[in-house]
Structures are given as C-alpha cells and as structure tokens.
Amino acid sequence: MLTQSLFVRLEAKPGKEAEVAAFLKQGLEMANQEATTPVWFALRLSPSTFAIFDAFLNEAGRQAHLTGPIAQALMANAPNLLAAAPVIEQLEVLGAKLP
C-alpha cells in the first residue's frame with residue numbers, strides 16, 4: 001500500500017510557463033524509470049502555478065525519489081524557470097484508489 005507522498009508546488013517565472021509545462025511533461029519519462037515511484041502526476045493549478053504529486057510504498061522510496069534524477073533536474077533548472085524555490089511537502093497517504 002502507498003504510505004508516503006510528496007506535493008511539490010512550483011511557480012513559473014513570468015514568460016516561463018510553457019517551459020515549466022514542457023519540463024514537467026519530460027519528467028514523466030524519468031518517473032517511468034524510477035522503480036520506487038509507482039504514482040507520479042504533473043499538474044497545472046493555474047496559468048503560472050504547477051505541482052508534482054507522487055506517492056511511494058515507504059519512506060525509502062520517497063527518499064530515493066528526493067535524491068533521484070527528477071529532483072536533481074528540478075533543482076538544476078529552478079533558477080531559470082521558477083519565481084521561487086519549489087515548495088516540497090512530505091505527506092502521509094491515508095487512503096488511495098488506483099486502477
């Protein structure tokens with residue numbers, strides 16, 4: 001069962017909204033390579049606000065993701081794409097319905 005998750009809020013710099021959206025779409029390819037990340041979503045909350053939601057079977061999976069290629073790419077690109085540092089919230093999954 002999924003027990004841990006992350007919600008990462010991203011605010012694009014003015015004029016960088018399309019680049020942030022493209023970056024997140026590319027992130028799906030990396031997420032598909034992560035064996036410890038069974039659930040990953042890239043979301044658009046408003047024209048300039050984006051988010052990533054992912055869930056993990058345990059804390060080890062969450063920590064592997066936080067130090068993995070998606071997190072590294074996000075932090076490397078954040079100064080160019082984002083108006084502020086990503087807001088990363090570590091959450092507990094209380095229930096989930098998946099296909």
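Could you tell me whether Thr49 is β-branched (Val, Ile, Thr), in contact (Cβ under 8 Å) with a residue 12 or more places away in the chain and in contact with a helix residue (DSSP H, G or I) (Cβ under 8 Å, 6 or more places away or on another chain)? Full working, then the answer.
Numbers: β-branched (Val, Ile, Thr): yes; in contact (Cβ under 8 Å) with a residue 12 or more places away in the chain: yes; in contact with a helix residue (DSSP H, G or I) (Cβ under 8 Å, 6 or more places away or on another chain): no.
For Thr49, the condition - β-branched (Val, Ile, Thr), in contact (Cβ under 8 Å) with a residue 12 or more places away in the chain and in contact with a helix residue (DSSP H, G or I) (Cβ under 8 Å, 6 or more places away or on another chain) - is not met.
Limited to segment 1-26, what total is found for residues that are in contact with a strand residue (DSSP E or B) (Cβ under 8 Å, 6 or more places away or on another chain) and of a type outside the set (Val, Ile, Thr)?
Step one: list which residues in segment 1-26 are in contact with a strand residue (DSSP E or B) (Cβ under 8 Å, 6 or more places away or on another chain), which gives 2-13, 16, 19-21, 24-25.
Subsequent filtering for residues that are of a type outside the set (Val, Ile, Thr) retains 2, 4-7, 9-13, 16, 19, 21, 24-25.
The qualifying residues number 15.
Of the numbered conditions (1) in a helix (DSSP H, G or I); (2) without any contact (Cβ under 8 Å) to a residue 40 or more places away in the chain; (3) not hydroxyl-bearing (Ser, Thr, Tyr), Val20 satisfies every one except a single condition; which is it?
(2)
Take Ile70 and decide whether it is closer than 11 Å to Leu6 by Cβ, hydrophobic (A, V, I, L, M, F, W, C) and in a helix (DSSP H, G or I). Let's see the steps before the verdict.
Numbers: closer than 11 Å to Leu6 by Cβ: yes; hydrophobic (A, V, I, L, M, F, W, C): yes; in a helix (DSSP H, G or I): yes.
When the stated conditions are applied, Ile70 passes them.
For the subset of segment 4-22 comprising residues that are in contact with a helix residue (DSSP H, G or I) (Cβ under 6 Å, 6 or more places away or on another chain) and not charged (D, E, K, R), which member is nearest to Gly95 (Cα to Cα)? Show your work before the answer.
Step one: of segment 4-22, the residues in contact with a helix residue (DSSP H, G or I) (Cβ under 6 Å, 6 or more places away or on another chain) are 4, 12, 16, 19-20.
Narrowing the set further to residues that are not charged (D, E, K, R) leaves 4, 12, 20.
Details: Gln4: 10, Ala12: 31, Val20: 30 Å.
Looking at residues that are in contact with a helix residue (DSSP H, G or I) (Cβ under 6 Å, 6 or more places away or on another chain) and not charged (D, E, K, R), I get Gln4.
Sort through Gln33, Gln26, Gln72, Gln4 and tell me the only one that's in contact with an Asp or Glu (Cβ under 7 Å, 6 or more places away or on another chain) and either touching a residue at least 12 places away in the same chain (Cβ under 8 Å) or not basic (Lys, Arg) (or both). Write out each step before concluding.
Details: Gln33 fails: in contact with an Asp or Glu (Cβ under 7 Å, 6 or more places away or on another chain); Gln26 fails: in contact with an Asp or Glu (Cβ under 7 Å, 6 or more places away or on another chain); Gln72 fails: in contact with an Asp or Glu (Cβ under 7 Å, 6 or more places away or on another chain).
From the options Gln33, Gln26, Gln72, Gln4, the qualifying one is Gln4.
Only the coordinates and a few stated rules stand behind these numbers; no lab work does. Because the structure is predicted, anything quoted here is derived from the model rather than measured. Cβ coordinates were reconstructed from backbone atoms using ideal geometry, including for glycine residues, and neighbour counts include every protein chain displayed.
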